[in-house]
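Read-outs throughout are calculated quantities, based only on the coordinates presented, and are distinct from any laboratory measurement. What you are looking at is a predicted structure, and each value in this text was computed from that prediction instead of being measured. Methodologically, a virtual Cβ is constructed for each residue, glycine included, from the backbone with ideal geometry; neighbour enumeration extends over all protein chains shown.
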Amino acid sequence: MRQPPSGMYKAGALLEHKEGNLPAHSRGTAKVGLGVSMELAVGILGTGSELPEKVLTNFDLEKMVNTSDQWITERTGIKERRQAAPHETTSTLSVKASRKALAMAGITPENLDLIICATISPDMPLPSTAALIQRDLGARACCAFDLAAACSGFLFGMTVAEQFIRNGKYKYVLVIGAEVLSRYVDYQDRKTCVIFGDGVAAAVLGPVTPPSGILASDLHTEGQHANHLYIPAGGTASPASHETVTRGDHYIKMRGNELFKVAVRNMEEVSRRVMEKAQICPNQIDLFVPHQANQRINEAVRERLGVVPEKVYSNIDRIGNTSSASIPICLDECVRSGRLKKGDLILMAAFGAGVTWGAVLMRW
Ligand code: UT7
């Protein structure tokens, strides 16, 4: 017999989530049965990541396009990135990362109430990559959907998941940031191919005991800058044809310079906003995890915020820019290496195509 969704809490299921000392804005209540409402906080119960084995170095790219290790290192901070093998897809890598996250959370795929896959490089236009992940993970027929917010996708996904858990609809939500961007990158375009890489990471969100949990989040989209970073063809605006393929319109096009300026300004502003909401000063942050787009962007944001360099996590030299997977890969590395400890205050900020941007502040 099919089990009821674990999100439909039974009376007493959340009794450990007593009145917390969270700021007023971040409090949520969940009906826990028998008309009882209780404060609850939403946090991350487990993380997992999966990177393709193949490493593509700056020296490899020197042989493919007119660039140099020196230019890439100085302008971006990237030394190498990963590239999926032909048999690997966004969903196959996601399933592996998700299994690790579920194991850390101590739950099984059948316990999941919702799967959100944040991606701009889906396996195929339909069905959703989340549906394929659900199937291959062996999860039950819970709600599953893709979320398209580019590099901000994981933070958008976390915030959507938080709402469902906070209002008592769902208990365990799997949020995945997953990209195989190498399938969308033109390896003759030096403006993009040096930056992007492949990778996936997942997080299980669920109820946690305060003061742990998400303290504040803030998300934005400004479509007027949509053409700063886009893939022109393959959708309804320009369906696939011999001509679109010949023109290379299925590849990512980027106006890096324009994005750079907007990224620094918006990541700083949104980071300040979540800190204000939670009444936190920059010097209280234990770990700042910015989206890994460009080391120079992150250095500029860090400096403007007044966060000391030791508190900023970076893996861009090894991983490159993996869009929606970038922040959760960093998170997983920090959790598994012990860099992130219980009680730490962590600030995450992202920026990407759309343009989208956002920040999440949480206590681990
Ligand atoms: O993931 C979120 C969204 N993406 C971003 O946030 C990306 C943000 N932008 C960036 O990271 C940077 O703008 C890039 C790394 C993409 C480019 O760096 P830049 O310092 O802004 O370079 P640029 O576009 O201003 O180009 C400077 C010069 C140009 O040559 P000329 O016209 O001055 O002779 C480019 O043609 O560098 C040239 N160039 C390169 N040279 C060697 C551009 N790409 C390369 C390259 N190798 N790969």
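Data table
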item	result
Value of [θ]222 nm, deg cm²/dmol, for the chain, DSSP H segments ≥ 4, -39500 (n - 2.57) each, nearest 500	-9000 deg cm²/dmol
Phi-based couplings in Hz for the range 288-303 (Karplus 6.51, -1.76, 1.60; Gly and Pro marked x)	10, 10, x, 4, 8, 9, 6, 4, 5, 4, 5, 5, 5, 5, 4, 5
Neighbour-limited loop hits for trypsin sites (Lys or Arg not before Pro), the range 312-361 (at most 11 other Cβ within 10 Å; DSSP other than H, G, I, E, B)	341, 342
Relative contact order (percent, whole number), the chain, Cα cutoff 8 Å, 6+ residue spacing	24
The range 335-364-the range 160-212 distance, computed between alpha-carbon centres (Å)	12
Compactness index (Cα Rg / 2.2 N^0.38 Å), the range 215-363	1.16
Radius ratio Rg over Rh of the chain, counting only Cα atoms, Kirkwood formula for Rh	0.97
Long-range amide H partners of residue 340 with built H, under 5 Å	335
Selected from 133, 172, 294, residue furthest toward positive end of dipole (the chain; charges at beta carbon)	172
Sparsely packed GluC sites (Glu not before Pro) within the range 139-245, loop by DSSP, other Cβ within 10 Å at most 16	222
Most to least packed among 101-111, 57-67 [average Cβ atoms within 10 Å]	101-111, 57-67
Karplus 3J(HN,Hα) series, Hz, for the range 71-82 with 6.51 cos²θ - 1.76 cosθ + 1.60 (x for Gly, Pro)	4, 4, 5, 5, 8, 10, x, 8, 10, 8, 9, 9
Value of D in µm² per second that Stokes-Einstein yields for the range 24-209, Kirkwood Rh from Cα pairs, at 20 °C (1.002 mPa s)	121
